[in-house]
Structure formats: C-alpha cells, structure tokens
1. Can you pull out the helices (runs of 4 or more DSSP H) entirely within the range 461-569 that have at least 1 residues that are surrounded by fewer than 15 Cβ atoms within 10 Å (Cβ to Cβ) and free of Cβ contacts under 8 Å to residues at least 24 places away in the same chain?
2. So in the range 96-126, with the set limited to residues that are among the aliphatic types (A, V, I, L, M) and in contact with an Asp or Glu (Cβ under 7 Å, 6 or more places away or on another chain), which one is most open to solvent (accessible area, probe 1.4 Å)?
3. Does any residue of the range 391-399 turn out to be more than 16 Å from ligand 2 (Cβ to nearest atom), touching a residue at least 60 places away in the same chain (Cβ under 8 Å), open to solvent by 10 Å² or more (accessible area, probe 1.4 Å) and part of a strand (DSSP E or B)?
4. Regarding the range 273-294, can at least one residue be identified that is surrounded by fewer than 16 Cβ atoms within 10 Å (Cβ to Cβ) and within 11 Å of ligand 1 (Cβ to nearest atom)?
5. Just to verify a result, which residue in the range 295-320, among those that are touching a residue at least 24 places away in the same chain (Cβ under 8 Å) and charged (D, E, K, R), is most open to solvent (accessible area, probe 1.4 Å)?
6. Go through ILE80, ILE108, ILE30, ILE63 for me and flag whichever is closer than 23 Å to LYS132 by Cβ and without any contact (Cβ under 8 Å) to a residue 40 or more places away in the chain.
7. Of the residues that sit in the range 189-204 and are at pLDDT 95 or above and of a type in the set (Gly, Ala, Ser), which one is farthest from GLY363 (Cα to Cα)?
8. Tell me, please, whether a residue that is open to solvent by 40 Å² or more (accessible area, probe 1.4 Å), at pLDDT below 95 and closer than 15 Å to TRP345 by Cα can be found in the range 173-188.
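The values are calculated or read from the model by the stated rules, or taken from the named source; none is laboratory data. What you see is a predicted model, and the numbers here were worked out from it, not measured in a lab. Cβ atoms come from the backbone with ideal geometry, glycine included; neighbour counts cover every protein chain shown. Surface accessibility is based on the protein's heavy atoms, side chains included, excluding ligands, DNA and RNA. Shrake-Rupley method; radii C 1.70, N 1.55, O 1.52, S 1.80 Å.
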Amino acid sequence: MPRLSSATYLEKFRKEILDHREPNKPCVTICSGTGCHAYGSEEVFGGFVKEIQRNGLKEKVDIRRTGCHGFCERGTLVVIFPEEICYVGVKPEDIAEIVSTTLIENKIVDRLLYVGDDGNKIVRESEIPFYKYQSRIVFGNNRLIDPKRIDDYIALGGYSALAKALFKMTPEQVLEEVKEANLRGRGGGGFPAGIKWETTRNAPGNTKYVIVNADEGDPGAYMDRSLLEGNPHSVLEGLIIGAYVIGSHQGFVYVRQEYPLAVENLNIALEQAREYGFIGTNILCSGFDFDVKVHRGAGAFVSGESSALMTAIEGSVGEPRPKYIRTAVSGIWERPSNLNNVETWATVPLIINKGADWFTSIGTEGSKGTKIFSLVGKVNNTGLVEVPMGMTLREIIYDIGGGIPGGKKFKAVQTGGPSGGVIPESLLDTPVDYDELTKVGSMMGSGGMIVMDEDTCAVDVARYFLNFLAEESCGKCLPCREGIYQMLKILNRICEGEGEEGDIELLEEIAGVVRDFSLCALGQTAPNPVLSTIRYFRDEYEAHIKEKRCPAGLCKALISYYIEPEKCEACMICLRNCPVEAITGGKNLVHVIDQDKCTKCGTCLEVCPPRFGAITKLSGVKMPEPVLQGAEVIRKRGGKR
Ligand SMILES: Cc1cc2nc3c(=O)[nH]c(=O)nc-3n(C[C@H](O)[C@H](O)[C@H](O)COP(=O)(O)O)c2cc1C
Ligand code: FES
C-alpha cells in the first residue's frame, strides 16, 4: 500500500484509482450493513461471486459489498450500476435470474423491483419515494463504497478535505469555516461545533483530546452505527481535521460494545489510514501528528453523556460528574477534550471541501445542513433518512415514510430519543429544526423518530420511556434516581387503573424537581416524555384516572374482550386459538370469554373472521350482564342444548 507523502500525491493517486475503473462497467453492489446482514446479505454476496464466475463474467462485472443504504426493512438490497437498478428483498435463490436476465440479457427482473403505492414498479433506487425526497449529503456515499477499502473512499474525493485543511488553510481558517457553517452537534444538544472546538483550542495545556461519540444508546436509533459501519473514513477524516484545528495529537472513538461490525470496519479503516499516511506521525508530510484509539463502551445509555464517556475512557465506571468546568476545558485526565457525535464529525469534510456558504444554503435560519433520522414505528417505510433541516414532520412521515400502515390514523411522533417529547397531529407541519422542536416540547436529540398510530396510548408511551430512563439512570444523584422512579410508579398505577385525582399535578411537580436539580442531562430531560404527553394528551390521562378507560384500548388492566352474542356464528376459531383456553362454547353454541382466565392477549380479536366481527374490545364500560354471569349460553342456528 502506498504511503501518500503530499496533497499532490493524494490527488495523483485518486486519478490513478479512477483511471483503473471503467465507469460503464456493470457493478453489482450488495448492501452489507447490519440490517441486510440479518437478512442474509453474506450468502447473497457469496452467491453473486459464484454465479458471475460460473457465467464467465468475472472480468466484465465488478461486485462490491457496501454499507447500509437506509432502507433496511427491504433488505437484502442489491443495486446494479451504472443504471442504478435496485432490487429489494433479494434472496440467494434470486441470484441466477438476476445474473442471466440483468447482467447477460440487459433486462429487468420485474418481480424484484420496489412496488409503489400506485402499484407501479420503480427501477432506479433514487426514484423510490423513500429516497427521492431525501438529501443524502452525509449518508449517501454509504451505498457507493466498500467500507473495508480505503481506495473506494479516496476515489470519491475522500481525504481531500484533510489535504486542503493541512496544506491550504491554517487551523484558524478551518475553525472560521466551521463556525461560519454553524454546524450544530448532531448528538443531542445541538451545540455549535466551532465554538466548542475553539474552547478546547484556547484552553490551557499542551495535551488535548478529540473524541467521537458512537455510544448511540437511544432505543431504535442506528444512524451513527450505520455511518461508522458504512463510511468510517468520513468520520475519521472529520476527526483529524478537528484535531488539527484544536492542536490535539490523540483521538478516541468511543463505540458501544454491541456494534461489532462498526468496530471491525473502524479498525480496518484505522489500519488503512495509518498505512496511507492519513493517521500517525507527519501526516501527508505536513509535520502534523495524530493517532486514534478505539474504546469499546459497556453499553449503558448514560455513558453517552460527555463527562460519563470521558470517565469511562479513563478506565472508571462511565458515570457523569458535576461539570463546574466543562469537559471542553477539563475532560479526559483533566485535559481539554472535545467530544462530537459521529454525524457531526462526518459532516466536517463536506464543509471544508464545499465551503460554509454551500452548507448554510441548506436548512433553516438556526439549523443548517441535513440531519439523519431513524424513522421507525407505525410508518410504512422504516429506515434511515437524511433530510434538509426545515423539512416538516409531515413530509418526512408521509412523503418519505409513506404514511401509516393498515389505513390507521396518525396519532403522534416522538423525536429526540427517550428524553425527547411526543408531538401530536396538530403540529405535523412543524419544521425539523433544533429550535422548532424544542418550542413544541420535544427536541432533535440524536435522530430517533418514532411514529405512533391511533392504537398507541399516550400514557403508556410516557411509561415506556420512563421505564427505560429509570433503568438507565446511574443512581448517583437523588432527583434523578428517586424522581424518575416515583414518576414511573405513578404512571404504572394510572395504566393499571389505579390512578387517583391529583396524579397529573403530582407528576408535573416531580417533573419540575427532576428537570431542575438532576446532575446530568439524563435527569434534566427525563420529564420530557411525561410533560409532553400531559401537554398534548391530558384528556387521555384523565380518562385513565377518572373513567378507568384507556382510549387507545391498550392498557391491559383497563380493557376486556367481549363476544357479542348476536354476532357470534359459533365458528370455534377464537375458541381454538385462545392460548389460555379462556373461551367456552360449542359448534352450535355462542362463545363466551371467561374474564378471570383471559390474559387480554387479543388473539380472539385477531382471528375472528371480519365478516362476523363478533369480538369487541371494551374499555371504561360495564361488561354486559349475561356474560358477567357467565353461564347463559344462547342457542344458534337451531342448535340443541
Ligand atoms: C444520557 C445521555 C446520553 C447521551 N448519549 C449520546 C450518544 O449516544 N451519542 C452522542 O453523540 N451524544 C450523546 N449524548 C450527548 C453528549 O453528551 C454530547 O452532548 C455529544 O456527544 C456532543 O456531540 P455533538 O455536539 O456533536 O452533538 C448523550 C447525553 C446524555 C445526557
Ligand atoms: S443494512 Fe441494508 S439497507 Fe440498511
């Protein structure tokens, strides 16, 4: 492997790589991100290698494993360039047909195309609605490069921003560019990266650290993992540029233990970057030295908090500490330490290459650039989406996400991870922007976006997130440890049908204490799910407390399943499917649910044929008398007792 000794040599080397690549040569790319891996992308890749060889096409067709494309639910994704033909849900048994039809006969395998809402089949990946409305400036290269091959990254201009920063700009000029771009932290708080870099740069001391936060503890979020897995060099390049500005010679990547592929690809990237001279001593012969260590986190949500993460890197338990002095000034081993999120670092090379003016032309007044979200929950198209700041929640959920499945009604969307807030339908036109989301009681967070339909209970949602936070609180400070636990106890009671008058006010009071007096942002933001659900769905809390009714029909203690005698056709389907044998009846006898035995699993409702529709979910109403008495069996279709 070459050790690149200057910016000019890097450019020459890039040209050499490109000269060896034929732009019109077919290239079969197979998504090998964790999602597609779970669908069996390795077998698909192996299958293509064999089939291409078997057909004597080895010299005529390239094959490449890539990082996550974002549309993981449709994996394994196979995209064939240069036409960008996209096949979804590819299985090993489809490979022979793809090779013979597409690679040999130049035709499309219709049955493997994405089918739009209108029933039309879409050939090109970028025309699938899920991708069409996105602006994938940070995440887009994932689908083009093999993360294990540095040459792929260089071919697309990789490390040219580093060369530009080292040879054409002073650290001050790079800092100015990042400040002008108003790049705000993508990991949660949205703090301007340039200002944080400047604080660490100006802090006294010669030893300074730069760190990548790849802890990503939010349930359902996997943007950082996919970026680190799929394009690790983009994160490293941003980190080296940051180190150059700050005057740091040692960096860390703090990555959670549960991300083995990200760690594997990162370590390969580091090794290759060292061999090429992008990391180590005298980088590209510029005289600048910088190296990076990978620290594997133990998987606690709180360890993603800056002071906790730095304590963990020092070798202690990853718990937060009071930040009378900010970590930017006194972090790892009390040295100035600059921490940024994976996505923040990966955005830096783009800003250096294309300029702050280009970057600020995307987004809103206060939030520039794009943001990657993990769009999950009750939405047709789930996956990773990168959108310009300012796109509305409605556009993300309906245009990209394809709306709510099964003809159900949209209820709310939760942004900002477990400490974020729930946003109702009336605010669907809110633009996604740090300040706008905060105004409506939620936050950007690191990019979790969970869509909920009419079957979701607002109180149960608050309970779910609080349960997560209660388990993840490190327990070091009393307001967080006790306050979250007490709020959770109240929410549990409400969902169990034991809510009392005054519970809502008590929740609000405790929330205020937890928010104002907790040690770190875990506690300070923990009340958000409770306060935002009370703010927008107070009537649901009241229904649970006063009427013992769960309007969404979800809280088990507040619902019952009931077979309407006049609709029951005694078909025995529910009776046979009930897992706890709570249903009695016979071939000619109307069925009855024994409420004492019923576990409220809902199987009967699912299996009752829609043409009968005999099973109803009741909440907050008295069970009809004959059924309560249990024994009254009504004859049907002339059946005899
Ligand atoms: C409990 C808790 C967990 C956090 N987890 C993460 C995380 O997993 N990833 C992340 O980038 N930031 C996380 N943060 C935010 C970090 O403390 C810090 O603000 C961020 O890494 C700074 O990078 P940024 O400015 O680029 O966003 C967390 C904060 C708290 C309070
Ligand atoms: S892992 Fe293949 S699309 Fe995400």
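1. On the way: elements: 478-495, 503-517, 521-525, 528-546.
Here the list reads 478-495, 503-517, 528-546.
2. In the first step, residues of the range 96-126 are kept if they are among the aliphatic types (A, V, I, L, M); the result is 96, 98-99, 103-104, 108-109, 112-113, 115, 122-123.
Next cut, in contact with an Asp or Glu (Cβ under 7 Å, 6 or more places away or on another chain) only: 96, 99, 109, 112.
Numbers: ALA96: 49, VAL99: 0, VAL109: 3, LEU112: 8 Å².
Among residues in the range 96-126 that are among the aliphatic types (A, V, I, L, M) and in contact with an Asp or Glu (Cβ under 7 Å, 6 or more places away or on another chain), the one most open to solvent (accessible area, probe 1.4 Å) is ALA96.
3. Looking through the range 391-399, none of the residues is more than 16 Å from ligand 2 (Cβ to nearest atom), touching a residue at least 60 places away in the same chain (Cβ under 8 Å), open to solvent by 10 Å² or more (accessible area, probe 1.4 Å) and part of a strand (DSSP E or B).
4. no
5. ARG296
6. Working: ILE80 fails: without any contact (Cβ under 8 Å) to a residue 40 or more places away in the chain; ILE30 fails: without any contact (Cβ under 8 Å) to a residue 40 or more places away in the chain; ILE63 fails: closer than 23 Å to LYS132 by Cβ.
Among ILE80, ILE108, ILE30, ILE63, only ILE108 is closer than 23 Å to LYS132 by Cβ and without any contact (Cβ under 8 Å) to a residue 40 or more places away in the chain.
7. The residue in question is ALA203.
8. yes
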